[in-house]
Amino acid sequence: MKGNDVDGSNVSRPAPVGFPRVVLFDLDGTLLDSAPDMLATANQLRQAHGEAAMSLEQIRPHVSKGSRAMLAAAFPALAVAERDALVQPFLDAYQGLSGQHARLFDGVEPMLAALEAAGTAWGIVTNKPEYLAREILPMLGWQQRCQVLIGGDSLAERKPHPLPLQVAAERLGVAPAECVYVGDDERDIVAARAAGMPSIAALWGYRQADEQPAQWQADMMCEQASELLDPARWPSTRSERGDG
């Protein structure tokens with residue numbers, strides 16, 4: 001692929017004034033409020049097992065932790081092995097429901113438009129299986145806008161390992177230090193730090209009650225995506241500092 005097709009871009013232009021050259025995002029809980037789709041998926045499985053429907057408030061804090069965490073919330077009485085056996089049925093059910101109830105978080109679309117207007121390239125690094133993430137792009141009109149996509153099963157490692165972020169930067173032709181990663185989970189910030197990539201903790205996403213983002217050591221924390229319309233809210237990168 002060439003041009004702006006997913007995974008086909010090479011970012012050779014100068015760094016945009018005030019914004020990073022490249023921004024990489026987590027998907028669920030950062031760009032996309034997918035909790036309503038996940039709720040519908042969990043309730044479909046619960047109904048099949050004779051269980052009553054659960055509420056959005058019950059599943060929402062677990063969405064960024066992945067299918068196993070959501071299944072633990074949906075089926076707390078099941079043994080781990082029994083829940084693990086439901087992972088693929090959960091993913092299959094989600095695939096049929098994906099995009100039906102999800103929406104972008106407030107401020108995401110204007111923020112992406114501002115980045116694009118400034119000449120910033122952006123992409124997605126998620127732990128969601130790649131085939132599921134790719135199916136979402138055309139639903140959002142992002143298949144020509146998102147310039148790289150790495151899923152949780154794309155590589156030998158997934159977040160919090162830094163490899164997905166490193167490969168995403170490599171595919172865009174930049175060093176990790178020239179990118180910023182935005183995510184709502186501690187594993188996002190851990191992965192970015194290990195990759196040598198500045199990071200932003202997206203506080204508008206999904207968190208469990210005992211999580212303390214201030215301890216994650218992100219370079220910045222933002223309460224709303226709309227804050228990122230301000231170039232001053234972005235951490236500096238190597239290219240902005242003029243490093244080699």
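The values are calculated or read from the model by the stated rules, or taken from the named source; none is laboratory data. These numbers come from a predicted model, not from an experiment. Glycine gets a Cβ as well: all are built from the backbone with ideal geometry, and neighbour counts include every protein chain shown. Accessible surface areas use protein heavy atoms only, side chains included; no ligands, DNA or RNA. Shrake-Rupley method; radii C 1.70, N 1.55, O 1.52, S 1.80 Å.
Here are a few things to note about the model shown:
- Segment 191-222, residues that are within 16 Å of LYS65 (Cβ to Cβ) and outside any loop (DSSP other than H, G, I, E, B): ALA191, ALA201, ALA202, PRO213
- Positions within segment 36-63 being open to solvent by 30 Å² or more (accessible area, probe 1.4 Å), part of a loop (DSSP other than H, G, I, E, B) and under 20 Å from GLN208 (Cα atoms), in sequence order: SER55
- For segment 76-97, a residue qualifies if it is open to solvent by 40 Å² or more (accessible area, probe 1.4 Å) and in contact (Cβ under 8 Å) with a residue 24 or more places away in the chain, and the qualifying residues are PRO89, GLN95.
Conditions (1) open to solvent by less than 50 Å² (accessible area, probe 1.4 Å); (2) within 22 Å of THR126 (Cβ to Cβ), marked per residue:
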residue: GLU178; (1), (2): yes, yes
residue: ARG187; (1), (2): no, yes
residue: ALA191; (1), (2): yes, yes
residue: ALA194; (1), (2): no, yes
residue: TRP216; (1), (2): yes, yes
residue: MET221; (1), (2): no, yes
residue: ASP230; (1), (2): no, no
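- Residues in segment 199-211 that are open to solvent by 20 Å² or more (accessible area, probe 1.4 Å) and either of a type in the set (D, E, K, R) or at pLDDT 95 or above (or both): LEU203, TRP204, ARG207, ASP210, GLU211.
- Cβ pairs under 6 Å, 6+ apart, first in segment 114-125 and assigned by the TED database to the domain that holds ARG171 and over 10 Å from PRO231 (Cβ atoms), second assigned to a helix (DSSP H, G or I) and small (Gly, Ala, Ser): GLY123/ALA168; VAL125/ALA168
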